[in-house]
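Participant: First the structure, which I've put down as structure tokens, then a few questions once you've had a look.
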Amino acid sequence: MALTEAQRFHLKKFVKELEKYRGRHTELVSVYIPQNYDLNKIINHLAQEQGTASNIKSSATRKNVTDALERMIQHLKLFKRTPPNGLVVFSGNVAKREGQHDFQVWSIEPPVPLKTRIYRCDKEFVLDILRDMLESKEVYGLVVMDRRDANIALLKGKTIVPIVKTHSEVPGKFKAGGQSAARFSRLIEGAAKDHYKKVAEYMKEAFLTMEGLKGIIVGGPGPTKYDLVEGDFITNEVKKKIIAIRDLSYTEEFGLEELLEKSQDVLAKEEVTDEKKIVGKFLELLATKQNKVSYGENDVKNKLQMGAVDTLLLSEALSDEKIEELENMAKPVGSTVKIISTETREGVQLRDLGKVAAILRYEVHT
């Protein structure tokens, strides 16, 4: 399951906060509780660990571990049951100076179901599983080509990640002197087939065993893309993964962007399309009904205070504190909050417009 930008933002902020802390010994406690796991079993286990911790030789470490476990046990008793996706809890003495005490407890329900149970005392909190959740697991393969060039890339989340770029040996339109038209035509066809074989081989290397690949989209100007896909070049296992073919005006990097634009229907359920669509709606209203939108932090804040904001658009280029401040203003008035990345063309436009924008519930004349 792909994370929304809001889920990604809050999880990233949570991880960033906990990364700051280091224990002097193995005294920071991390507990991962899988979904549907009995919370009472975890509490009993932690109580047993308190007993084991009493054997630690260092009195300072012993106190830090037993107190961290006690804080965690008391925190877990606040929950009636394990949340639907499971629960992750951290506890420890995070005082900056040795000998001082500042015991803190943090907990979060992960945005995706947790399958792993962990109990660990260490010098730092165990965060790898949460970091892994931030990585986009679902990817699409992108292939843009004509007779001269081919670009193979991944769409990972909202980011186009280039994999390989290749150039064919197909001759230009003007034949060398002394060559017959038939011979020249054979040269062209032979070079084109070599090009297709090379592209097909790159596709096999990139996509055949890739985990999380949801499909491959092929595009390009003219009929060449159909020659590649319908000819006997691409191995059947890879060909089965092709989910769309699109006519394009461009190749290379512009072609990849155009392929993304023209694959909205295929990517309809993906977050990148949702993001492009909502910012596109804002930009369209900005051009046609300016009183139905707002942009710039101060103006949007005024509209939030009026309760006029239907959808609040926040660029991820804002500071964490500013995003939280505006989110907190949006909640009481029931505004939908969308955190927009800067990895799409529309996201860059929002950033350049002042990073904060809103689609309003009704026209506001000022």
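Participant: For residues that are among the polar types (S, T, N, Q) and part of a loop (DSSP other than H, G, I, E, B), scanning just region 235-257, find the one that is surrounded by the most Cβ atoms within 10 Å (Cβ to Cβ). Let's see the steps before the verdict.
Facilitator: Our first condition is that a residue be among the polar types (S, T, N, Q); within region 235-257, this holds for 235-236, 249, 251.
Retained after the next criterion (residues that are part of a loop (DSSP other than H, G, I, E, B)): 235, 249, 251.
Values: T235: 14, S249: 10, T251: 22.
Restricting to residues being among the polar types (S, T, N, Q) and part of a loop (DSSP other than H, G, I, E, B), the top hit is T251.
Participant: If I ask for residues that are more than 24 Å from T66 (Cα to Cα), under 25 Å from the mean Cα position of the chain (by Cα) and exposed (fewer than 15 other Cβ atoms within 10 Å of the Cβ), which ones from region 5-46 would you list?
Facilitator: The answer is K13, K16.
Participant: Checking E321 against (1) of a type outside the set (F, W, Y); (2) free of Cβ contacts under 8 Å to residues at least 60 places away in the same chain; (3) not in a helix (DSSP H, G or I), which test does it fail?
Facilitator: Evaluating E321 over (1) of a type outside the set (F, W, Y); (2) free of Cβ contacts under 8 Å to residues at least 60 places away in the same chain; (3) not in a helix (DSSP H, G or I) leaves (3) as the failure.
Participant: Go through region 212-224 and count every residue that is in contact (Cβ under 8 Å) with a residue 60 or more places away in the chain and in a loop (DSSP other than H, G, I, E, B).
Facilitator: Start the filter on region 212-224 by keeping residues that are in contact (Cβ under 8 Å) with a residue 60 or more places away in the chain, which leaves 212-222, 224.
When the remaining residues are screened for being in a loop (DSSP other than H, G, I, E, B), the result is 212, 221-222.
Looking only at that region, the number is 3.
Participant: Identify the residue in region 210-234 that is under 13 Å from V139 (Cα atoms) and modelled with pLDDT under 90 and, among all such residues, is surrounded by the fewest Cβ atoms within 10 Å (Cβ to Cβ).
Facilitator: Filtering region 210-234 for residues that are under 13 Å from V139 (Cα atoms) and modelled with pLDDT under 90, the one surrounded by the fewest Cβ atoms within 10 Å (Cβ to Cβ) comes out as E211.
Participant: Examine region 32-41 for a residue that is within 22 Å of C121 (Cα to Cα), in contact (Cβ under 8 Å) with a residue 60 or more places away in the chain, touching a helix residue (DSSP H, G or I) at 6+ places or on another chain (Cβ under 9 Å) and assigned by TED's automatic domain parsing to the domain that holds K96, and state whether such a residue exists.
Facilitator: Of all residues in region 32-41, those within 22 Å of C121 (Cα to Cα) come to 32-35, 37-41.
If we keep only those that are in contact (Cβ under 8 Å) with a residue 60 or more places away in the chain as well, we get 32-35, 37.
Now narrow it down to the ones that are touching a helix residue (DSSP H, G or I) at 6+ places or on another chain (Cβ under 9 Å): 32-33.
From the residues that got through so far, the ones that are assigned by TED's automatic domain parsing to the domain that holds K96 too are 32-33.
Checked region 32-41: at least one residue is within 22 Å of C121 (Cα to Cα), in contact (Cβ under 8 Å) with a residue 60 or more places away in the chain, touching a helix residue (DSSP H, G or I) at 6+ places or on another chain (Cβ under 9 Å) and assigned by TED's automatic domain parsing to the domain that holds K96.
Participant: Any idea which of V199, V143, V164 is among the β-branched types (V, I, T), in contact with an Asp or Glu (Cβ under 9 Å, 6 or more places away or on another chain) and modelled with pLDDT of 90 or more? Break it down stepwise before answering.
Facilitator: Values: V199 fails: in contact with an Asp or Glu (Cβ under 9 Å, 6 or more places away or on another chain); V143 fails: in contact with an Asp or Glu (Cβ under 9 Å, 6 or more places away or on another chain).
Testing whether each residue is among the β-branched types (V, I, T), in contact with an Asp or Glu (Cβ under 9 Å, 6 or more places away or on another chain) and modelled with pLDDT of 90 or more leaves just V164.
Participant: Quick check on region 343-358. Is at least one of its residues part of a loop (DSSP other than H, G, I, E, B), over 17 Å from the mean Cα position of the chain (by Cα) and either at negative phi or in the same structural domain as G157 (by TED's automatic domain parsing) (or both)? Please lay out each step first, then the result.
Facilitator: Step one: list which residues in region 343-358 are part of a loop (DSSP other than H, G, I, E, B), which gives 343-344, 353-355.
Remaining after also requiring over 17 Å from the mean Cα position of the chain (by Cα): 353-355.
Cutting the leftovers down to either at negative phi or in the same structural domain as G157 (by TED's automatic domain parsing) (or both) gives us 353.
Yes, the conditions are met somewhere in region 343-358.
Participant: So, one more: Filter region 338-349 for residues that are buried (at least 17 other Cβ atoms within 10 Å of the Cβ) and more than 19 Å from E321 (Cβ to Cβ) and give the result.
Facilitator: T344, E346, G347, Q349
Participant: For T159, state whether it is modelled with pLDDT of 85 or more, on the phi < 0 side of the Ramachandran plot and either of a type in the set (S, T, N, Q) or assigned by TED's automatic domain parsing to the domain that holds I33 (or both).
Facilitator: It is false that T159 is modelled with pLDDT of 85 or more, on the phi < 0 side of the Ramachandran plot and either of a type in the set (S, T, N, Q) or assigned by TED's automatic domain parsing to the domain that holds I33 (or both).
Participant: Under 7 Å between Cβ atoms, which residue pairs at least 6 apart in sequence (or on different chains) link something in region 225-252 that is within 18 Å of M210 (Cα to Cα) with a partner that is among the basic types (K, R)?
Facilitator: T235/K204; V238/K204
Participant: Exactly one of these conditions fails for L260: (1) touching a helix residue (DSSP H, G or I) at 6+ places or on another chain (Cβ under 8 Å); (2) in a loop (DSSP other than H, G, I, E, B); (3) within 15 Å of R345 (Cβ to Cβ). Give me its number.
Facilitator: For L260, the exception is condition (2).
The values are calculated or read from the model by the stated rules, or taken from the named source; none is laboratory data. Quick caveat: nothing in here was measured; it's all calculated off a predicted structure. In this analysis, Cβ positions are derived from the backbone assuming ideal geometry, glycine residues included, and neighbour counts consider all displayed protein chains.
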